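J.: Handing you a structure now.
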């Protein structure tokens, strides 16, 4: 599944946040959106993930223009293909680790519906094996980040969008999270990360740098690095 931005511009409250962004994110590629704070990384990431509609330009999924997609079409894309790793982890702390992987059934109860084998695989790959019954609130920040990645693995998401996935992590968790994303890309996923972490950027195959231009707003430059 290919994700492309074609001359994407985003204006919020009269201010141009992203200007004329053109980029493509291909299967098997770990792509970095980098730039200083306020440069529009998160806004562009949200456009790529169809969470934010561009003011001008087009967002393409496998060559299909999604500009006119209705809410149900976007929901289908999120449900069937995409996963998001958010800065606030996106974890429901009152629920178990297993529930946070499957996101099915339990409402503060013990029963979790889902494929147990796939849950185990997802937890094994993220280093959370044996902790499925624990409350997510008991996990550290780095473990919660890995839990959100376990959810993407369980879902078999083919497109993964991550916003500052290594922020506030210690060195060990940072290295583990970076390797998880690199591994998912090697398995054929599209992985896009908004980051200013040099180590994260160093692991990426493609890097798009955003710069603040007071005359024209924020522009996504071309690929600054491709490996």
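The values are calculated or read from the model by the stated rules, or taken from the named source; none is laboratory data. A quick note: this is a predicted structure, and the numbers were derived from the prediction, not measured. Every residue, glycine as well, gets a Cβ built from its backbone with ideal geometry; the counts of neighbours run over all protein chains shown.
J.: Is there a residue being in a helix (DSSP H, G or I) and loosely packed, with under 13 Cβ neighbours inside 10 Å anywhere in the range 158-170?
T.: no
J.: While we're here: Can you tell me how many residues in the range 177-216 are surrounded by fewer than 18 Cβ atoms within 10 Å (Cβ to Cβ) and modelled with pLDDT under 90?
T.: Residues flagged as surrounded by fewer than 18 Cβ atoms within 10 Å (Cβ to Cβ) and modelled with pLDDT under 90 within the range 177-216 amount to 7.
J.: When the range 186-203 is examined, which residues are found to be under 14 Å from the mean Cα position of the chain (by Cα) and within 21 Å of residue 4 (Cβ to Cβ)?
T.: Residues satisfying the conditions are 189, 190, 191, 192, 193, 194, 195.
J.: Taking residue 142 as meeting all but one of (1) at pLDDT 90 or above; (2) in a helix (DSSP H, G or I); (3) under 24 Å from residue 189 (Cβ atoms), write down the number of the exception.
T.: (1)
J.: Of the residues in the range 127-144, how many are over 10 Å from residue 98 (Cβ atoms) and in contact with a strand residue (DSSP E or B) (Cβ under 8 Å, 6 or more places away or on another chain)?
T.: Residues in the range 127-144 being over 10 Å from residue 98 (Cβ atoms) and in contact with a strand residue (DSSP E or B) (Cβ under 8 Å, 6 or more places away or on another chain): 1 in total.
J.: Next question. Report, ordered by the first and then the second residue, all pairs with beta carbons closer than 7 Å, sequence separation of six or more or different chains, a first member in the range 166-186 that is touching a residue at least 40 places away in the same chain (Cβ under 8 Å) and at positive phi, and a second member that is in a loop (DSSP other than H, G, I, E, B) and crowded, with 19+ Cβ neighbours inside 10 Å.
T.: Between residues of the range 166-186 that are touching a residue at least 40 places away in the same chain (Cβ under 8 Å) and at positive phi and residues that are in a loop (DSSP other than H, G, I, E, B) and crowded, with 19+ Cβ neighbours inside 10 Å, there is no close pair.
J.: When the residues of the range 121-154 are narrowed to those that are under 22 Å from residue 195 (Cβ atoms) and out of contact with any helix residue (DSSP H, G or I) (no Cβ under 7 Å at 6 or more places or on another chain), which ends up surrounded by the fewest Cβ atoms within 10 Å (Cβ to Cβ)?
T.: Within the range 121-154, the match that is surrounded by the fewest Cβ atoms within 10 Å (Cβ to Cβ) is 140.
J.: Taking the range 121-139 only, how many residues are free of Cβ contacts under 8 Å to residues at least 24 places away in the same chain and outside any helix (DSSP H, G or I)?
T.: Of the residues in that region, 2 qualify.
J.: Of the conditions (1) assigned to a loop (DSSP other than H, G, I, E, B); (2) farther than 23 Å from residue 78 by Cβ; (3) within 16 Å of the chain's Cα centre (by Cα), residue 174 clears all except one; give me its number.
T.: It fails just one condition, (1).
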